[in-house]
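The values are calculated or read from the model by the stated rules, or taken from the named source; none is laboratory data. It should be emphasised that the depicted structure is a prediction, and the values quoted were computed from it without experimental measurement. Note that each Cβ is placed from the backbone with ideal geometry, even for glycine, and that neighbours are counted across all protein chains shown.
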Amino acid sequence: MQAYRLTILLILQISAQTLHGEIPSLSVSPDLNSKTLSLSGQGNPAASHRIEHSRSLNEWWPVFAIRDSPSWSWDWDQTNEAPASQFRLVDVSPPVIATHASWKNQIALPSDPFLSDPVVGTGERFDPVEIRWVKFAMIIDGLPEVYFQRSSDYQFHFQFAAERLSPFSGMDSDTFNNVSLYRGGQKIVLGAVLWAPDHNEFGIQFVGQDTYPREMLHFLYDTVVDRIAKPAGCEGFYMPTYEQAEAAQEEQPYLVAHGIEVSSPERWIGGSVCYAEGWALGRLVFVEPKEIENAYTEGTLLPTDILLTTGIPAELPFVAGIITLAPTTPNSHVAILAQSYGIPFVYLREPNEQLSALNMAGNEIVLRTRGYNCTIDVFDVDGIEMAYRDEIVALKAPLPLSITPTKNYGAIAIASLDDVLPEDIRFIGGKAANFGFLRREIPKNSPNAIAFTFDLWNEYLNQMLPGGKTLRTEIADRLARLSWPTNIATLDSTLREIRNLIKVDADFSATQKSAILSELSGFDPTRKIRFRSSTNVEDSGVFVGAGLYDSFSGCLADDTDDDSKGPSHCDPDQPKERGVFRAMRKVYAGFYNLNAVIERLRHGIEESGVGMAILVHHSYPDEIEAANGVATSRTSGANYLYTDMVSQVDAESVTNPSGGSQPEIMELFRPRSWAQNSLTHRQRSNRLLLGIDTVMEWEDDYQYFGNMFLNLNDAFKAQSAELGETTLEFEYKKLTDGKLIIKQLRQVPEAEGRPAAGIALVNTPTNLKIFQGESGTLFGNHRLKSLWKVESDNRWTDPTKPGGNMMTAAELQHAPQGNVINRTGSPAIWPGARHGTLDLNGQIYSQDLWNWPSDGGNTTFELRMKMPTGTGYQLDPVYTTGDFRIEFWAKYSIALPNINWQGNRPTTSEFALLIPGSITDPLPDGAILKTREFSAKGGIEIDSSFYWPPHPTGPTAGYTAPLEKWVGTTIKGLTPNPINLTSYFSQTYRPGHHNFTEDFLFEPGLDPGVSKAIISALEAKNIRMIFCSFPGGPGSIKAVGFDGSIWDL
């Protein structure tokens, strides 16, 4: 075994005012075999003794502390540690903190009075989740003491420390931040305990701008946990703040090895998310975020692939679909483009969903999102025939775009955009043309701006290069050999060359520079000016193009100071000049960004008709941004406006978010008859301090923005009368002086897509079970109780004339004659098989029928599959067996008993609804345990337990909970020993409307766990089934005999 080298340096650091003649000591006993280091010490029992650790003698951090003890010992686990370890003992007098009702040293979950009111949060499908918190402070010289502050008295750490913790009494906030948020000179550690009662879980956070060393974090976490009284089964997690998240991810193996699980509040308030709806069929390719660009240019990630990644960078190349394993921003440029392309973009939250997706990497899959509640389907179709696959994928080919070609305006700039209209896109591009709405409708809340026209762009392209060709010709020659699909690596290399031609080889002429400076003369020369891309291939009613092109800032004074020496006049931190001509050349070069050109190639756009204009206004430096965000507003009819505001603090971008940044989401609803917007806080920003719930001023800022969105929507629709329901996107800012600004408006066109002529049926093995909810009858659901595993063909299907069997293979368990049997094969080959089409008042069903014996004699069984109606399937054509409503019918030759509200009404026909699922599926989070108790004369008692699914979220018009899963049923009094039922087939549940009533049917003979002796005892009493009705009362328990007779128990 390799020897383990351990270097130890011991240092004593003693506070003179605390020892009173007692010299502390520290000794060490290393165990090289177990890699454990035992540290023992002694000193003044009134002191705070802490052991600090260092790797280099330059920085020290606490790893152990004890108070009120003359001696102590502590074991240091050296596993996975660096071979060199230095320790020092620090003995100090702990600060004296006056007792007060606003603080204490321990808290007790779940109902400690120090807990805050609930923090705003939402769970899956926007279901409200209760999260509460208690803040705490740990004074370095007072370790290991923890001071929990009462949330109702003090929302913020600074207020509490300045008033209640003597070392910080009267300290101003800047000084307090310096000694609490930064490791150099840190005097106090701040944090919070988050409590989620619905989950019986808590999280611990530590606040700091600098990363905490992992050993210190281990010590701090354990110290706080030791001071929390927890209910049984409660679990704790380290939930790093935004600033600590990256380091926590890197150190996760160390933390897990020391019993600390890393998570985030998103485990409570998040869910799988649909950022863009749509469908895709393609190869699933896993790529880490940092490798996406290289994978795309190298050809290992193709435009036809579905990307699976662990995070979303600021920009993504075009792919067929996107699956992320980490949440991102719903209004990012990536999300906006995905929405306009009609490609699905989802976040998978659940670990089993993530693992399933990772296991499918490399296979052909379907990714699909549907519906208000964000139904996400990811399934393997690796065996699909290539020709059929290509036919389906061809539906995703981009539609031709009707682009307004560029046109010369007659001048290089438009000095005022107050009067420009959308049709001026031909002169100044979409972004600048839309700016006119801002200037006319909200002049006080939008920046003054000018636009450089396509005239200047064309002049720039017409300049002669040293090789004897114009820049325009040189670019055209290089692009001429490219078409779609193309080799991405070749395209990328070509475009890099073109961008260098524009930025480096070409330049504005002296005449052009003079004209440009003249147009910019109204701007402050020492304040940054923002030069923003404005092409006629973005921000129009047919194409959005978000994030495809670039914007840059420039300083006018840097180009007018008659030298090229830095620093910049507008930003002294920039060592070189950053002039306006440089910025404009970079904007022009961005016209040939890889993703932008790919989109033009995909849509077959002629390069001769497109170009780059520039929108110009003063820049908003990061230091004056209090908040920023993106809003999307959707009109519904003529009377309603729905707006989603996605905001973040300071200048932290929501369109190009950094990893780990979770924005605020606010929903606004505005009927035109209302004077205000209805505000719903859907998600809290993780950049906010606890105690602050919103990014901007509640409610005033949100109402003000909502009113501006409404006015701009009205103006936009008035200008384009032919528009129906419209979605507009806005980019906005709040400045530190309180001013609210909207700096961009664009229309988000409807997702593109080609209509399919029929349903694209794809085979994926599907498990089916009986729906035990408000459907069918109790006895029908019981007698048709079955478990299926079915497969289908891969083929096109006309939903108006579904020809051929929809199921080509089936495995079936059911109990048609009192015992569970297994069958295999296909409905097409079962006895008496036939296929048909049923038309019920215009609703088309595909029918598969066959004959089997049952308790009802010779029985015709039928699988009835409901075909989609209307035209919705044409843009969402991919279907599997589990997507259809499937009814399992039986028509008997002998009437069978059937209890309903009228009593026993024998029937010769019944059905049960089949739904996707298996009895081995895990319970969903939030499943609700229910118990029902029944009793009858003679000592008969029946106790039944089962689960309902979680309550639905979102809008519902009432709800009837179905059964999710059985726990079991115990029946006493009918046989000498209790009857315990646990199987799927022996227990059936059928609720009445809204669960006001519930009916149960139990058949012990179908449960393999019931003994033969019990079955014989029941047979002797002619009891085959037991019927129960909740909420009970006379006649609520009945017996059903083997002969079909029914009587009260």
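Structural remarks
Residue-by-condition table, conditions (1) over 30 Å from residue 341 (Cα atoms); (2) at pLDDT 95 or above:
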{"residue": "789", "(1), (2)": "yes, yes"}
{"residue": "795", "(1), (2)": "no, no"}
{"residue": "810", "(1), (2)": "yes, no"}
{"residue": "835", "(1), (2)": "yes, no"}
{"residue": "869", "(1), (2)": "no, no"}
{"residue": "887", "(1), (2)": "yes, yes"}
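- Of the residues making up the stretch 206-231, those that are under 19 Å from residue 687 (Cα atoms) and surrounded by fewer than 21 Cβ atoms within 10 Å (Cβ to Cβ) are 207, 208, 209, 210, 211.
- Strands (runs of 3 or more DSSP E) wholly inside the stretch 946-1049 containing at least 1 residues that are touching a helix residue (DSSP H, G or I) at 6+ places or on another chain (Cβ under 6 Å): 979-981, 987-991, 998-1002
- Residues that are modelled with pLDDT under 95 and assigned by TED's automatic domain parsing to the domain that holds residue 535 number at least 1 in the following helices (runs of 4 or more DSSP H) confined to the stretch 387-486: 425-441, 471-480.
- Scanning the stretch 975-999 for residues that are without any contact (Cβ under 8 Å) to a residue 60 or more places away in the chain, more than 15 Å from residue 770 (Cα to Cα) and touching a strand residue (DSSP E or B) at 6+ places or on another chain (Cβ under 6 Å) returns 978, 979, 980, 981, 982.
- Among the residues of the stretch 849-892, the one identified as surrounded by fewer than 18 Cβ atoms within 10 Å (Cβ to Cβ), in contact with an Asp or Glu (Cβ under 8 Å, 6 or more places away or on another chain) and within 27 Å of residue 394 (Cα to Cα) is 866.
- Look at (1) farther than 30 Å from residue 196 by Cβ; (2) without any contact (Cβ under 8 Å) to a residue 60 or more places away in the chain and you find that residue 283 fails only one, number (2).
- Residue match in the stretch 1010-1017 (condition: of a type in the set (Val, Ile, Thr), modelled with pLDDT of 95 or more, touching a strand residue (DSSP E or B) at 6+ places or on another chain (Cβ under 7 Å) and closer than 22 Å to residue 821 by Cβ): yes
- Output for the stretch 643-671, where each listed residue is farther than 27 Å from residue 311 by Cβ and either at pLDDT below 85 or surrounded by 15 or more Cβ atoms within 10 Å (Cβ to Cβ) (or both): 643, 668, 669, 670
- Residue 309 being within 19 Å of residue 645 (Cα to Cα) and of a type outside the set (D, E, K, R): no
- Taking the criterion of being outside any loop (DSSP other than H, G, I, E, B) and either among the charged types (D, E, K, R) or in contact with a Ser or Thr (Cβ under 6 Å, 6 or more places away or on another chain) (or both), the residues of the stretch 787-809 that qualify are 789, 790, 791, 795, 809.
- First in the stretch 71-91 and assigned to a strand (DSSP E or B), second anywhere and of a type in the set (Lys, Arg) and at pLDDT 85 or above, Cβ under 6 Å, 6 or more apart: 90/50
- Within the option set 974, 914, 923, being surrounded by 18 or more Cβ atoms within 10 Å (Cβ to Cβ), modelled with pLDDT of 90 or more, under 23 Å from residue 787 (Cα atoms) and hydrophobic (A, V, I, L, M, F, W, C) holds for one residue only, 914.
- Flag for residue 311 being touching a residue at least 12 places away in the same chain (Cβ under 8 Å), of a type in the set (Gly, Ala, Ser) and in contact with a Leu (Cβ under 7 Å, 6 or more places away or on another chain): no
- If the condition is being more than 46 Å from the chain's Cα centre (by Cα) and aromatic (Phe, Trp, Tyr), then the stretch 831-847 contributes no residue at all.
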